[in-house]
1. How many residues does segment 98-110 contain that are within 17 Å of the chain's Cα centre (by Cα) and more than 20 Å from HIS30 (Cα to Cα)?
2. Determine whether segment 78-92 contains at least one residue that is closer than 14 Å to VAL31 by Cβ, touching a residue at least 12 places away in the same chain (Cβ under 8 Å) and surrounded by 14 or more Cβ atoms within 10 Å (Cβ to Cβ).
3. Being touching a residue at least 60 places away in the same chain (Cβ under 8 Å), out of contact with any helix residue (DSSP H, G or I) (no Cβ under 9 Å at 6 or more places or on another chain) and closer than 16 Å to ALA36 by Cβ is true for just one of PHE150, PHE143. Which residue is that?
Amino acid sequence: MKHSLILLAAAALPACMCAPASASEPGLRHVFDIHARCADAICTGDTPHGRRIMIPIVGGEVTGPGLNAVILPGGADYQLTDTAQHRTEFRAVYTVMTPDSAYINVENTGISFSRDGEYYFTTTPSFEADKNGPYRWLNDYIFICRPVNFAPGAVTLRVWQVL
């Protein structure tokens with residue numbers, strides 16, 4: 001019975017989901033940079049899960065060949081830091097507005113760590129745009145980003161589309 005349910009479920013999948021996987025290595029295409037302005041961090045303290053930090057996102061710009069927009073105030077970067085392991089988990093949530101007044105929701109999650117001389121910081125932003133609008137392509141791809149500049153009250157992240 002269990003095996004026939006699995007076969008039935010597989011048969012119901014759209015044909016595109018059953019296509020063979022590509023053996024080629026994925027490529028990256030730079031699509032834009034996020035220049036976020038931030039207020040002072042608010043630390044809620046050391047919780048049983050680690051140190052909780054919230055950094056308000058107060059504005060900024062998105063610039064590049066794939067998207068131009070302004071970052072609206074009201075978002076935040078929520079961080080959970082394990083100071084003993086030198087590791088931080090990130091979850092930033094905010095909204096951008098394009099020059100043609102389209103709103104796009106952004107959620108950017110990832111990690112950073114520093115140990116044994118290695119520093120790593122990578123996040124995976126996901127976007128929620130109008131499914132019928134000109135930015136709907138953002139809904140359909142995987143993106144990664146890394147910081148390219150830190151300044152007092154600001155961070156710049158470079159965003160690549162995974163091809």
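Read-outs throughout are calculated quantities, based only on the coordinates presented, and are distinct from any laboratory measurement. Just so it is clear, the structure is predicted and the values come from calculations on it, not from any experiment. Using ideal geometry, Cβ is built from the backbone for each residue, glycine included, and neighbour counts are taken over all protein chains shown.
1. The qualifying residues number 1.
2. No, that holds for no residue.
3. Just a single option satisfies the conditions, and that option is PHE143.
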